[in-house]
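Below is one structure, written out as structure tokens; comments come after it.
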Amino acid sequence: MSETVAVDVSGLGRRRGLRTRPKGRAVDPQALAEVRALLGEAPRRRDLLIEFLHRIQDAHGCLSAAHLAALAQELRLAMTEVYEVATFYHHFDVIKEGEAPPPAITVRVCETLSCQMAGADRMREAVEKHAGSNVRVVGAPCIGRCEHAPAAVVGRHTVDGATVDKIDAAVRAQQTKAELPSAIDFAAYRNAGGYKTLQSCLAGERNVEAVIAELENSALRGLGGAGFPAGRKWKIVRGEPAPRLMAVNIDEGEPGTFKDRYYLERDPHRFIEGMLIAAWAVGIDNIYVYLRDEYAACRGLLTRELAALSADPPCKLPQIDLRRGAGAYICGEESAMIESIEGKRGMPRLRPPYVAQVGLFGRPTLEHNMETLYWVRDILEKGASWFANQGRHGRKGLRSFSVSGRVKNPGVHLAPAGITVRELIAEYCGGMQDGHELYAYLPGGASGGILPASMGDIPLDFDTLQPYDCFIGSAAVIVLSQHDRARDAALNLMRFFADESCGQCTPCRVGTEKAVALMEKPQWNAALLNDLSQAMADASICGLGQAAPNPIACVFKYFAHELV
């Protein structure tokens, strides 16, 4: 028979150096109280992590280690889970213990192509020399105001056509808050017949099959860049088991692109009505709208107008959540955006499965670009032929071209699909700037390639540019003149890609940085750059790494004279 032996272990942990309290950072009571006050009655859910990080940073100007530890405890997450998300996004300032917080005011000067061509680099240097101790000046990737190049942001206040004096005046006046644009509000939209098409759908005056057929007949395609037929996408997601979700992508971070902002600032409810019609047709009860953090004014506007819609709804509304990005170009990729909505780092998923089958929170998800939904109401009211018959040179539909660079009238120009860049410049942009002649153009933003002026008569549309190793993407057209060089533009774009790579896959993470180093040299190593480009295109997980080499290939193919 065994005998029970009592053993004194009271000092065992101390003698062996074992922990006598839970592992992890001790939570500061004051920090915990501050975090709880900021979170208020909001549910403590993982998918709200980024929203909560924004609340803390907005209130304190940075994310301290104490606040991150308190947030981790409040959400019952490991500190590493909170830290890896906070450090992934550009707009979060994570401060380690002992580090000083950033200055009270941050000035972000756009440094991507359109703004660089307009002198942003020199202006940034001048602002840095002139800035006081309470001001931090940083370079920023495209902020979506390319038509106003050079552009800058003081806090959340945008400075168009920025100069040292303009930025200094904004800093001295403490102009750091976003100013809401003068858009068509809810009352004006309703008075002009808004939401009647949505009501007719819900009342049974229009059936789902007819609505989807109208979209298919209109030839409306996804206007975020991929160009997938909208009606077909609705059919696919509608055929998946419920519950189904919708994710609206307004994270237009592609350099040269600003069309979504343009429409939001003017007529937000036209987009919202199209979004609600799509939700009705596909059978969706929960919508998530993902808006890039750079668009603070649009966020304020959407917040106000969604509240007005909810206060006086024209019909039963689905749940609409407005989610805020945090400065990550990669989140424009649909699966990376979904990861971000779920409160994670915005890293693209491997596919298949596709988001239409396994998307947000593991459910079938209808993912759409904002502008695609913007046209739904007009197509249903005016008919599919109205939209489809707008094309030129054998193409169908309308395209919203974001035009910047060396033209007299940059901006969003609604033009027939299939228009050529020469026609676009002459008919819509007032011609080239004085003293400038068309030398080259980017038909689809940073990743769409670069073409010479001699190829300025190619129809601009989906599927027309692939034979020339380019694509239209989101229709961001950047115009270069004889005073610019394509190789300099390609280097600017590659620096952007290197900075914005999420780092998940080696070909993109290492390849973009290596390409920058090679492209900065006076002589380009063609063999090495071509091998590197092939590896990036073949082995990268998502479109960022796959398309990043496009400008390199175009320089070798069309601008070899610049490399001599």
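Overview of results
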| quantity | calculated |
| --- | --- |
| Residue match in the range 471-489 (condition: modelled with pLDDT of 95 or more, touching a Ser or Thr at 6+ places or on another chain (Cβ under 6 Å), more than 17 Å from residue 546 (Cβ to Cβ) and not in a loop (DSSP other than H, G, I, E, B)) | yes |
| Test result for residue 555, more than 30 Å from residue 349 (Cα to Cα), aliphatic (A, V, I, L, M) and either open to solvent by less than 30 Å² (accessible area, probe 1.4 Å) or without any contact (Cβ under 8 Å) to a residue 12 or more places away in the chain (or both) | yes |
| Matching residues, the range 247-260, being under 12 Å from residue 337 (Cβ atoms), over 10 Å from the mean Cα position of the chain (by Cα) and either assigned to a loop (DSSP other than H, G, I, E, B) or not small (Gly, Ala, Ser) (or both) | 248 |
| Residue 539 vs. criteria within 23 Å of the chain's Cα centre (by Cα) and small (Gly, Ala, Ser) | no |
| Some residue of the range 279-295 being open to solvent by 10 Å² or more (accessible area, probe 1.4 Å), farther than 13 Å from residue 370 by Cβ and among the small types (Gly, Ala, Ser) | yes |
| Any hit, the range 230-240, residues being open to solvent by less than 40 Å² (accessible area, probe 1.4 Å), under 27 Å from residue 144 (Cα atoms) and of a type outside the set (Asp, Glu) | yes |
| Residues of the range 130-155 classified as open to solvent by 30 Å² or more (accessible area, probe 1.4 Å), over 27 Å from residue 411 (Cβ atoms) and in a strand (DSSP E or B), total | 1 |
| Cβ-Cβ under 9 Å pairs, at least 6 apart or on other chains, the range 240-263 side under 16 Å from residue 282 (Cβ atoms) and among the small types (Gly, Ala, Ser), far side in a helix (DSSP H, G or I) and open to solvent by 10 Å² or more (accessible area, probe 1.4 Å) | 247/334 |
| Any hit, the range 447-470, residues being under 16 Å from residue 115 (Cα atoms) and modelled with pLDDT of 95 or more | no |
| Qualifying residues in the range 293-322 (those that are of a type in the set (D, E, K, R) and in a helix (DSSP H, G or I)) - the one nearest to residue 58 (Cα to Cα) | 299 |
| Identity of the residue in the range 78-96, of a type in the set (Val, Ile, Thr) and outside any helix (DSSP H, G or I), that ends up most open to solvent (accessible area, probe 1.4 Å) | 87 |
| Enumeration of residues in the range 156-190 that are of a type in the set (Gly, Ala, Ser), over 24 Å from the mean Cα position of the chain (by Cα) and part of a loop (DSSP other than H, G, I, E, B) | 173 |
| Residue pairs meeting the criteria (Cβ under 6 Å; at least 6 apart or on separate chains; first touching a residue at least 12 places away in the same chain (Cβ under 8 Å), in the range 456-480; second among the basic types (Lys, Arg) and in a loop (DSSP other than H, G, I, E, B)) | 459/395; 461/395; 479/406 |
| Candidates 448, 430, filtered to the one that is assigned to a loop (DSSP other than H, G, I, E, B) and surrounded by 19 or more Cβ atoms within 10 Å (Cβ to Cβ) | 448 |
| Matching residues in the range 97-129 - criterion: being in a strand (DSSP E or B) and open to solvent by 40 Å² or more (accessible area, probe 1.4 Å) | 108 |
| Residues of the range 201-225 that turn out to be at negative phi and either touching a helix residue (DSSP H, G or I) at 6+ places or on another chain (Cβ under 8 Å) or of a type in the set (Ser, Thr, Tyr) (or both), as a count | 17 |
| Which numbered condition residue 66 misses (of (1) free of Cβ contacts under 8 Å to residues at least 24 places away in the same chain; (2) among the aliphatic types (A, V, I, L, M); (3) in contact with a helix residue (DSSP H, G or I) (Cβ under 7 Å, 6 or more places away or on another chain)) | (1) |
| Any hit, the range 198-212, residues being open to solvent by 20 Å² or more (accessible area, probe 1.4 Å), farther than 27 Å from residue 417 by Cβ, of a type outside the set (D, E, K, R) and touching a residue at least 24 places away in the same chain (Cβ under 8 Å) | yes |
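The values are calculated or read from the model by the stated rules, or taken from the named source; none is laboratory data. As the structure is a prediction and not an experimental result, all values here were calculated from the model. In this analysis, Cβ positions are derived from the backbone assuming ideal geometry, glycine residues included, and neighbour counts consider all displayed protein chains. Just so you know, the surface numbers come from the protein's heavy atoms only, side chains and all, with ligands and any DNA or RNA stripped out. Shrake-Rupley method; radii C 1.70, N 1.55, O 1.52, S 1.80 Å.
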